[in-house]
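Engineer: To start, I am sharing the structure in question, which I have written as structure tokens.
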Amino acid sequence: MASLELETLRKEFDGGSIVAVDDLDLSIDDGEFVTVVGPSGCGKSTTLRMIAGLERPSKGRIRLGGTDITDVHARHRDVAMVFQNYALYPHKTIEQNMAFGLRMSTDLSAEEREKRVSEAAEMMGIAELLDDTPDELSGGQKQRVALGRAIVREPEVFLFDEPLSNLDAKLRTTMRTEIQRLQAELGITAVYVTHDQEEAMTMGDRIVILNDGKLQQTGEPTHVYNNPTNQFVGGFVGSPSMNFVDVTAEPIDGGVRLTGADGAFTYDLTSGRADAFGDISGGTYVLGVRPEHVSVGNEGAQSAVPAVVDVVEPVGSDNYLYLDLGTDARAFDTEGAPEFIARVAADIEPEVGETIHVSFDESSVHLFDDRTGEAVT
Ligand code: ATP
């Protein structure tokens, strides 16, 4: 078992014109399960490949258990990587595939190798498949073999590169639990890369969010969810995404007054996080409100925003209301018409075209600087 440290880790391609990983600093504790998430091209795989020794850093150091392994060959690093496409040898049996990583270890007896393979196969529930070849296995079984092969090596660190992306939704959920159980049982440090924020949020002890090769935020999933440091994180984490509305903000007695573009609405924040915004002296911001922190039907409330219902989407226990606030409310990074989404109880079913009034859970609203995207705290 070991801790893992990345120190100003950088990877450039094409003579420096592409910066895939931009001076990343990250410490991962011994036995910790860290998920790394971000949009396509943010540098997740490159980071993982540098840890595995498959890619040479342009700059920076990697330490495993305090030892600098930056210049150690991949084969001699005590890490095991599990890939999305399983990376099994098609003409070898499952047993041979699982034992393959051990062939390099000259200090292991044949009996010891066999014992490790059969224990890992038992652990992954694939003992009866050992004589088969990969083409006889389903996607889920292949991924179990790939996991088994990683376990056999008894590494200090597990590296996962989107291991469940090729599996169907149901199997993915099962395998998530299985991987978590395995990691906890073996107590091995794990770095798990995914583009799926939900997977990252549910699996990690800690989540690391990257964008453009840069670390955006790291912390426990719930903490990051409730306290995004910038607009990117606010919009990336959570589904449906956080709503964003351009506002001007000015101090008022006991709080802050928000005004929508073109005076579409005014909303006085006087409780909850109003204190946190107390230092605002006026200016333009982006209001961030998660769909579950919007409530409907407080027409009489002093601060309530009129909104026209565009779509009512039932999702079982809840309804999603797509609303037009008469201003440029925009869901983060989505295509098509800007919408403001409220997630409300299933028995709230307004008519399409009806004007309703929404208010916000004031303890859960966010303001971001409209130029830098940084959260006002
Ligand atoms: P995805 O989720 O799509 O796999 P990612 O977050 O894993 O994306 P990387 O694969 O690490 O991102 O790529 C980061 C950036 O580096 C991208 O712009 C990518 O095009 C670039 N890149 C990665 N490998 C190379 C390479 N061998 N040569 C040139 N550019 C590369």
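The values are calculated or read from the model by the stated rules, or taken from the named source; none is laboratory data. Being a predicted model, the structure only gives us computed values, none of them experimental. When we count neighbours, we look across all protein chains shown, and the Cβ atoms used for this are built from the backbone with ideal geometry, even at glycine.
Engineer: What number goes with the only condition from (1) surrounded by fewer than 23 Cβ atoms within 10 Å (Cβ to Cβ); (2) free of Cβ contacts under 8 Å to residues at least 40 places away in the same chain that Asp196 does not pass?
Structural biologist: The single condition Asp196 does not satisfy is (2).
Engineer: With respect to Pro251, determine if the residue is more than 16 Å from the ligand (Cβ to nearest atom), in a strand (DSSP E or B) and modelled with pLDDT under 90. It would help to see each step written out before you state the result.
Structural biologist: Numbers: more than 16 Å from the ligand (Cβ to nearest atom): yes; in a strand (DSSP E or B): yes; modelled with pLDDT under 90: no.
So Pro251 fails the test.
Engineer: Of all residues in segment 1-23 being aliphatic (A, V, I, L, M) and away from the ligand (no atom under 11 Å from the Cβ), which is farthest from Asp78 (Cα to Cα)? Full working, then the answer.
Structural biologist: Within segment 1-23, the first condition is being aliphatic (A, V, I, L, M), and the residues that meet it are 1-2, 4, 6, 9, 18-21.
Next, from what is left, pick out any that are away from the ligand (no atom under 11 Å from the Cβ): 1-2, 4, 6, 9.
Values: Met1: 10, Ala2: 10, Leu4: 11, Leu6: 16, Leu9: 19 Å.
Top of the filtered list is Leu9.
Engineer: Tell me whether segment 159-166 contains one or more residues that are among the small types (Gly, Ala, Ser) and away from the ligand (no atom under 16 Å from the Cβ). I'd like the intermediate steps shown before the answer.
Structural biologist: We begin by selecting, within segment 159-166, every residue among the small types (Gly, Ala, Ser); these are 165.
Cutting the leftovers down to away from the ligand (no atom under 16 Å from the Cβ) gives us none.
No, segment 159-166 contains no residue that is among the small types (Gly, Ala, Ser) and away from the ligand (no atom under 16 Å from the Cβ).
Engineer: Of the residues that sit in segment 24-60 and are within 12 Å of the ligand (Cβ to nearest atom) and among the basic types (Lys, Arg), which one is nearest to Thr222 (Cα to Cα)?
Structural biologist: Once the filter is applied, the top-ranked residue is Lys44.
Engineer: A follow-up question, please. Does Met104 qualify as being part of a loop (DSSP other than H, G, I, E, B), closer than 24 Å to Ala2 by Cβ and either in the same structural domain as Gly31 (by TED's automatic domain parsing) or modelled with pLDDT under 90 (or both)? Steps first, answer last, please.
Structural biologist: Numbers: part of a loop (DSSP other than H, G, I, E, B): yes; closer than 24 Å to Ala2 by Cβ: yes; either in the same structural domain as Gly31 (by TED's automatic domain parsing) or modelled with pLDDT under 90 (or both): yes.
The answer is yes for Met104.
Table: residues versus (1) over 25 Å from Phe232 (Cβ atoms); (2) basic (Lys, Arg); (3) modelled with pLDDT of 95 or more.
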residue: Leu6; (1), (2), (3): no, no, yes
residue: Lys11; (1), (2), (3): no, yes, yes
residue: Asp22; (1), (2), (3): no, no, yes
residue: Ser40; (1), (2), (3): no, no, no
residue: Gly43; (1), (2), (3): no, no, yes
residue: Lys59; (1), (2), (3): no, yes, yes
residue: Thr70; (1), (2), (3): yes, no, yes
residue: Ala87; (1), (2), (3): yes, no, no
residue: Gln96; (1), (2), (3): yes, no, no
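Engineer: Go through segment 19-46 and count every residue that is in a strand (DSSP E or B) and within 13 Å of the chain's Cα centre (by Cα). Before you say what the answer is, go through the steps one by one.
Structural biologist: Step one: of segment 19-46, the residues in a strand (DSSP E or B) are 19-28, 33-37.
Checking the rest, the ones that are also within 13 Å of the chain's Cα centre (by Cα) come to 33-37.
Adding up the residues that qualify gives 5.
Engineer: Then there's this: Report, ordered by the first and then the second residue, all pairs with beta carbons closer than 6 Å, sequence separation of six or more or different chains, a first member in segment 21-45 that is small (Gly, Ala, Ser), and a second member that is in a loop (DSSP other than H, G, I, E, B).
Structural biologist: The qualifying pairs are Gly31/Met1; Gly31/Gly187; Gly43/Gly213.
Engineer: On the given criteria, is Ile179 assigned by TED's automatic domain parsing to the domain that holds Val289 and either away from the ligand (no atom under 16 Å from the Cβ) or at pLDDT below 95 (or both)? Break it down into steps so the answer makes sense when it comes.
Structural biologist: Numbers: assigned by TED's automatic domain parsing to the domain that holds Val289: no; either away from the ligand (no atom under 16 Å from the Cβ) or at pLDDT below 95 (or both): yes.
No, not satisfied.
Engineer: Output the qualifying pairs, or none if there are none: Cβ atoms under 6 angstrom, residues six or more apart or on different chains, first residue in segment 214-225 and buried (at least 18 other Cβ atoms within 10 Å of the Cβ), second residue part of a helix (DSSP H, G or I).
Structural biologist: Pairs found: Gln216/Phe232; Gln216/Val233; Gln217/Val224; Gln217/Val233; Pro221/Met201.
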